[in-house]
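Note sheet for the following structure.
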Amino acid sequence: MTVVILGVDPGSRHTGFGVFQGEGDRLQHLASGSIKAGAKHPLATRLCRIYDGLAEVIRVHQPQALALEEIFLAANVHSAFTLGQVRGVVLLLAARSSLPIFHYAPLVVKKAVVGYGRASKTQVQLMVEQLLRLRAADEHAADALAVGLCHYFHQRWPGGAS
């Protein structure tokens, strides 16, 4: 059975997204990139840009699931709250789009994609590029595709991909 998955790497300045289709061992990249919300705009404006950008991705690609990386580190309390607001916008959009949401910790994503939970961002990006036969637009897109791949692997092999 073919499934389309949207992975999201939330960020208040750059929110990465990655969409791919999987059927068995076949993976096909559909779209990926970053929604550049900008640093100079008020947070409310950035949240709207993120919402609108992801809504368009969902409209075009009609994913069956949304995989989202959990927050694991924030530079300070303010950054954590801001990232929480971005995640809230993503969760709202997924709920309004009737998309089931799956959360994965960064260590789980790295282990599922690279085989090692402490893999570097470079290692994750290289493996994503190899698995999907592409050149990632940027690290945010690669991270989003990685969380989507993590979900795909976990759905195929429950309990075996973590």
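Key figures for this structure:
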| read-out | value |
| --- | --- |
| Residues 151, 29, sorted so that the one with the fewest Cβ neighbours within 10 Å comes first | 29, 151 |
| Mean shadow area of the stretch 3-156, taken as a quarter of the surface of its Cα convex hull (nm²) | 8.2 |
| Residue order, fewest to most beta carbons within 10 Å, for 3, 108 | 3, 108 |
| Trypsin sites (Lys or Arg not before Pro), loop per DSSP, at most 11 other Cβ atoms within 10 Å - longest free stretch of the chain | 41-117 |
| Extension reserve of the residue 30-residue 81 stretch, reckoned as 0.36 nm per residue once the Cα distance is removed | 15.2 nm |
| Computed over the stretch 1-79: relative contact order in percent, which uses C-alpha pairs under 8 Å that are six or more apart | 34 |
| Footprinting exposure proxy for 43, 54, 99, 6 (fewest neighbouring C-beta atoms within 10 Å first) | 43, 99, 54, 6 |
| Loop-exposed chymotrypsin sites (Phe, Trp or Tyr not before Pro) per DSSP, neighbour cap 14 Cβ within 10 angstrom, longest uninterrupted part of the chain | 1-71 |
| The stretch 3-156 - percent relative contact order, Cα under 8 Å, separation 6 or more | 32 |
| Cα-based Lys proximity count in the stretch 3-156, under 26 Å, for pairs eight or more positions apart or on separate chains | 4 |
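Any read-out appearing in this document is the output of simple, stated calculations on the displayed coordinates, not a laboratory observation. All values derive from a computational prediction rather than experimental measurement. Backbone-built Cβ (ideal geometry, glycine too); neighbour counts: all protein chains shown.
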